[in-house]
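> Got a structure here, written out as structure tokens. Questions coming.
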Amino acid sequence: MDRLDILAIGAHPDDVEIGAAGSLLLAAKKGQRTGILDLTYAELSSNGNVERRQQEAEAADRLLGVAARYNFGFPDRGLEAVRESAISKVVELIRTTRPRIVLAPYFQDRHPDHESVSRIVREAVFSAGIRKYQPNEATPAYRPEQLLYYFINSTVTPQVVVDITSVYPEKMEVLRCYRSQFELEEGSVATPLTNGYLESVEYRERLFGQQAGVPYAEGFVSAAPYVLTSL
């Protein structure tokens, strides 16, 4: 398995895209290798089904230019019941792909699965660097340089912003791949995602951009302080 520069992790296909598609697009355009891990297939989603959601994720992948996408197939709304297994599997993937940066959902969110993934990834990033945790000569201990939290439903003042102005239209095209989630279709039901959700993403990106002096930006919270050698 090839190494990655960025590994972005979410609970469901579309989580990563909502919070970090712009940053992943920019990284891919710079020749960096990006990957996405979904912990579940989102089988309990109110609209769509697993097969269609996977087709939508594949369409999003093509636009994003990701090097790899993984899905561990853990139970939707059942992540706490498989917590230790999930941590173990994420540790294994981190050690195998050795990303510089790991992205995870912000730890306060209206969806419990997003919060669960945030905690799982935080523990996995830490444990991946412990030599005696699940020792394996083929995949030695490794800890990413940075863990950053992206926003799905929450909005707080970010510590880090990425100017995504140049790729903002492409980000929205990526999100529109998930039509089963963001559009009311025949047979679907109204959810928070079908009620102007993409417009709220645009508002958030505009807000973060305004705070940083650019038209559009994605915001992140850092799990640890950045270190500068000088100002």
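> Return the total of residues in region 155-177 being more than 12 Å from GLU205 (Cα to Cα) and under 15 Å from the mean Cα position of the chain (by Cα).
2
> Okay, next question. Suppose the filter is under 21 Å from ALA60 (Cα atoms), in contact with a Phe, Trp or Tyr (Cβ under 7 Å, 6 or more places away or on another chain), at pLDDT below 95 and β-branched (Val, Ile, Thr); does THR165 pass it? It would help to see each step written out before you state the result.
On the way: under 21 Å from ALA60 (Cα atoms): yes; in contact with a Phe, Trp or Tyr (Cβ under 7 Å, 6 or more places away or on another chain): yes; at pLDDT below 95: no; β-branched (Val, Ile, Thr): yes.
So THR165 does not fit the description; no.
> Working only within region 62-84, note down all residues that are assigned to a helix (DSSP H, G or I), out of contact with any helix residue (DSSP H, G or I) (no Cβ under 8 Å at 6 or more places or on another chain) and under 22 Å from ASP113 (Cα atoms). First the steps, then the outcome.
Of the residues in region 62-84, the ones assigned to a helix (DSSP H, G or I) are 62-64, 79-84.
Filter again for out of contact with any helix residue (DSSP H, G or I) (no Cβ under 8 Å at 6 or more places or on another chain), leaving 62, 81-82, 84.
Hits for region 62-84 are ALA81, VAL82, GLU84.
> Answer with yes or no whether TYR168 is of a type in the set (Ser, Thr, Tyr) and assigned to a loop (DSSP other than H, G, I, E, B).
no
To keep it simple, each residue is scored yes or no on (1) aliphatic (A, V, I, L, M); (2) within 22 Å of ALA190 (Cβ to Cβ).
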site	(1), (2)
SER45	no, yes
ARG52	no, yes
VAL66	yes, no
PHE72	no, no
ASP76	no, yes
VAL82	yes, no
VAL91	yes, no
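> Could you check region 1-37 and list, in sequence order, the residues that are under 24 Å from LEU184 (Cβ atoms) and not β-branched (Val, Ile, Thr)? Let's see the steps before the verdict.
At the first step, the residues of region 1-37 found to be under 24 Å from LEU184 (Cβ atoms) are 10-19, 21.
Within region 1-37, GLY10, ALA11, HIS12, PRO13, ASP14, ASP15, GLU17, GLY19, ALA21 qualify.
> Considering ILE18, ILE94, ILE36, which residue is part of a helix (DSSP H, G or I), within 16 Å of the chain's Cα centre (by Cα) and either polar (S, T, N, Q) or within 26 Å of GLU170 (Cβ to Cβ) (or both)?
Sole residue among the options that is part of a helix (DSSP H, G or I), within 16 Å of the chain's Cα centre (by Cα) and either polar (S, T, N, Q) or within 26 Å of GLU170 (Cβ to Cβ) (or both): ILE18.
> Which members of region 39-61 meet the condition of being among the aliphatic types (A, V, I, L, M), in a helix (DSSP H, G or I) and touching a helix residue (DSSP H, G or I) at 6+ places or on another chain (Cβ under 6 Å)? Before the answer, list the steps.
Pass one, region 39-61, residues among the aliphatic types (A, V, I, L, M): 39, 42, 44, 50, 57, 59-60.
Still in the list and also in a helix (DSSP H, G or I): 50, 57, 59-60.
Hit for region 39-61 is ALA60, nothing else.
> So SER118 passes all but one of these: (1) out of contact with any Lys or Arg (no Cβ under 6 Å at 6 or more places or on another chain); (2) touching a residue at least 40 places away in the same chain (Cβ under 8 Å); (3) surrounded by 16 or more Cβ atoms within 10 Å (Cβ to Cβ). Which condition number does it fail?
(2)
> Criterion first (at pLDDT 95 or above and either over 17 Å from the mean Cα position of the chain (by Cα) or not charged (D, E, K, R) (or both)) does ARG119 satisfy it?
Here the answer is no, as ARG119 does not meet what is asked.
The values are calculated or read from the model by the stated rules, or taken from the named source; none is laboratory data. For clarity, every value in this text was computed on a predicted model and none was experimentally measured. With ideal geometry, Cβ positions are generated from the backbone for all residues, glycine too; neighbour counts draw on all protein chains shown.
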